[in-house]
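Undergrad: A single structure is presented below for examination.
The values are calculated or read from the model by the stated rules, or taken from the named source; none is laboratory data. Computed from a prediction, not measured in an experiment: that's the story for all the values here. Here the Cβ is made from the backbone with ideal geometry for all residues, glycine too, and neighbour counts use every protein chain on show.
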């Protein structure tokens, strides 16, 4: 039986929240009920379930002031979050009875509604793992795959004002307007001016990305506190339900939130890893042009939310201090993010099995770089997934000379794009032929960026052993391919050696620090 709906606002929300701490309110064993509070909701952790109750608040960006609105948005929250977290979201349940003696899931007139979810240990939130220093790279890779899958399956948005340059600008500037209303001293004029100027420079890019289908019904609130390890995999949950304009966005805005949050938690290496894994899944390297704008926007979103929380009535002194610290931290991060990067171009060089991809991953995380992998882009050109087998003979199929020239051409186009966006770029390919290396050296010269080659070396016996045991990698190179490479390679010439750093795959730990230092010196030169 569907309970009747009371349309009047909740008179005493704090009293209801206090009453819901009583285990007797729940239709199942609840144990010691714990409460997690944000600026817009309470979450009651009761036994095997969590109940999320929306606060009866009206803010600049949402209106939960009526019971009907809260019921509607509870239903919308369950519908939307079942896209990524069907195992977490159970149903919407009424809360009946009185403010002082509520009953969750009972019959009668509803005085409130709650989203019922399956409870999980709080330490399984990726935010908790990152803060404790135990967030594993494999989990970050899996998160990137989950987000890429979410974006691939999301509806493309081309109607209305969603994702238009005008709305992007309005949403970004709203952060500063809200802070101005809270307290003019909170509003950073330098960041506001940068936001206006950067948006003006990117307005055509925003419009083009919308036309090209990159505005989709995404998540909208993709920080690490909204991703949990559940059933052995990272699961995004708690997407924006209360305003479609905050959810129907450029996919890079979602990615920027996750990257920004990793940076804010002191995890720049994992931020670079997440970004590169997502890019390799999606191929959306063009989105790098707008990434920095969205990272600053997301940092200011978090600052705004923290400032609102710090000024809510009834907040305790410790919670207020925490919110104020979060505000300061995110404003400081936004100021760092607006600083211009120094792009540079790095080519990996070496035979198959020499450790190029492993070294390139280390460079990506150490330098905050973007990696372009020939193995992945070659397969993307031929409509294959990264780990798919092409059944090509050595030197044939998707590896025949024409296909290889096309692959290197694709890598050059992408490198031009990533460098123009301001990113250090690592191109992970064999580069065994002088003409291939020269083409990228000319690109670096034309774009006036530093250029370096990282030459990966290992004894032939080691290469053969590695290739014989290789599995689960995008590369299809085997011992037969190595034989072809040994016969056809063109050694680095004397005029190339001044920009070469050698990485010995058999002594990586001993040589890694020196190699990175030598590479950094090269990249600090101007093109």
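Undergrad: When you check residue 147 against the structure, is it at pLDDT 95 or above, within 19 Å of the chain's Cα centre (by Cα) and either assigned to a helix (DSSP H, G or I) or under 17 Å from residue 47 (Cα atoms) (or both), yes or no?
TA: yes
Undergrad: Filtering region 35-46 down to residues that are part of a strand (DSSP E or B) and within 29 Å of the chain's Cα centre (by Cα), which residue is surrounded by the fewest Cβ atoms within 10 Å (Cβ to Cβ)?
TA: If we take residues in region 35-46 being part of a strand (DSSP E or B) and within 29 Å of the chain's Cα centre (by Cα), then 36 is surrounded by the fewest Cβ atoms within 10 Å (Cβ to Cβ).
Undergrad: Just checking, how many residues over region 107-119 are crowded, with 18+ Cβ neighbours inside 10 Å and in a loop (DSSP other than H, G, I, E, B)?
TA: 1
Undergrad: Quick one: count up the residues across region 408-461 that are assigned to a helix (DSSP H, G or I), at pLDDT below 95 and in contact with a helix residue (DSSP H, G or I) (Cβ under 9 Å, 6 or more places away or on another chain).
TA: Counting residues in region 408-461 that are assigned to a helix (DSSP H, G or I), at pLDDT below 95 and in contact with a helix residue (DSSP H, G or I) (Cβ under 9 Å, 6 or more places away or on another chain) gives 1.
Undergrad: Let me ask something else. Run residue 316 past the list (1) surrounded by 24 or more Cβ atoms within 10 Å (Cβ to Cβ); (2) at pLDDT below 95 and report the number of the one that doesn't hold.
TA: It fails just one condition, (1).
Undergrad: Shifting gears a bit: For region 47-106, which residues satisfy the criterion of being in a loop (DSSP other than H, G, I, E, B), touching a strand residue (DSSP E or B) at 6+ places or on another chain (Cβ under 8 Å) and either outside the structural domain of residue 23 (by TED's automatic domain parsing) or touching a residue at least 24 places away in the same chain (Cβ under 8 Å) (or both)?
TA: 48, 55, 64, 65, 84, 85, 87, 88, 105, 106 - these are the residues of region 47-106 that are in a loop (DSSP other than H, G, I, E, B), touching a strand residue (DSSP E or B) at 6+ places or on another chain (Cβ under 8 Å) and either outside the structural domain of residue 23 (by TED's automatic domain parsing) or touching a residue at least 24 places away in the same chain (Cβ under 8 Å) (or both).
Undergrad: Let me ask something additional. Can you tell me which residues in region 424-448 are farther than 26 Å from residue 351 by Cα and under 29 Å from the mean Cα position of the chain (by Cα)?
TA: 447
Undergrad: Another question, if that's okay. Among the numbered conditions (1) surrounded by fewer than 20 Cβ atoms within 10 Å (Cβ to Cβ); (2) out of contact with any helix residue (DSSP H, G or I) (no Cβ under 9 Å at 6 or more places or on another chain); (3) farther than 29 Å from residue 146 by Cα, tell me where residue 76 comes up short.
TA: (3)
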